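Heads up: the structure comes next, in structure tokens.
Every read-out reported here was derived from the displayed coordinates using simple, explicitly stated rules and does not represent laboratory data. Since this is a predicted model, take the numbers as computed values, not measurements. Backbone-built Cβ (ideal geometry, glycine too); neighbour counts: all protein chains shown.
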Amino acid sequence: MEQQQHEAFASLIKKQAGQSGIDGNIHRRDRHIDVRVSPVEREKIGQRALEAGYGNLAQYLRETALVGPASLSDTHIAWLQAINFIGNNVAEIATLLRDRQQPDDDMLVALLQLQECAEYVWREVKQGRGTGNA
């Protein structure tokens with residue numbers, strides 16, 4: 001019985017290096033997981049894999065599922081910084097208005113600039129682009 005288990009396990013070991021990728025895995029990958037996705041979802045997953053530096057979608061999915069998602073990309077961090085910038089300025093203006101300070105020309109100009117910045121960020125996010133100079 002023990003010999004059968006050992007033979008079954010040994011048959012799963014790769015016979016030569018590189019059969020299943022360069023990630024140091026020693027076992028053959030002969031099991032499949034089928035996941036149904038729409039064409040749009042497939043494209044998004046492929047794009048995320050490329051952004052994370054993977055040329056192989058299977059490797060990206062394996063590592064994401066087993067290790068967890070990668071840290072935020074530079075693009076995501078830039079978007080968060082742009083949104084935080086907008087939020088900080090809106091909070092400052094709200095505090096001034098709450099303290100009954102009448103809006104002056106500088107405050108109105110700042111509000112218009114924040115509105116333009118927010119609209120730009122919204123357009124870019126909807127179109128799936130990077131931040132540029134937001």
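Report the full-extension gain for the segment Arg28 to Asn89: residue separation times 0.36 nm, less the Cα-Cα distance, to one decimal in nm.
Residue separation times 0.36 nm, minus the Cα-Cα distance, leaves 16.5 nm.
Please rank Thr95, Thr64, Thr75, fewest neighbouring Cβ atoms within 10 Å first, as an exposure proxy. If you can, show how the numbers build up before the last one.
Numbers: Thr95 10, Thr64 16, Thr75 13.
With the sparsest Cβ surroundings first, the list reads Thr95, Thr75, Thr64.
If you take the beta carbon distance between Gln113 and Gln47 as r and set R0 to 30 Å, what does 1/(1 + (r/R0)^6) give as a FRET efficiency, to the nearest 0.05?
About 0.45, to the nearest 0.05.
Residues with amide H under 5 Å of Arg29's amide H, sequence separation 5 or more or different chain, H placed in the peptide plane at 1.01 Å from N; which?
Counting only residues 5 or more places away or on other chains, the set is empty.
Mind listing the phi-derived Karplus ³J(HN,Hα) values for region 88-96, rounded to whole Hz, using 6.51, -1.76 and 1.60 with θ = phi - 60°, and x for any glycine or proline?
Values per residue, Gly and Pro as x: 4, 5, 5, 5, 5, 5, 4, 4, 5 Hz.
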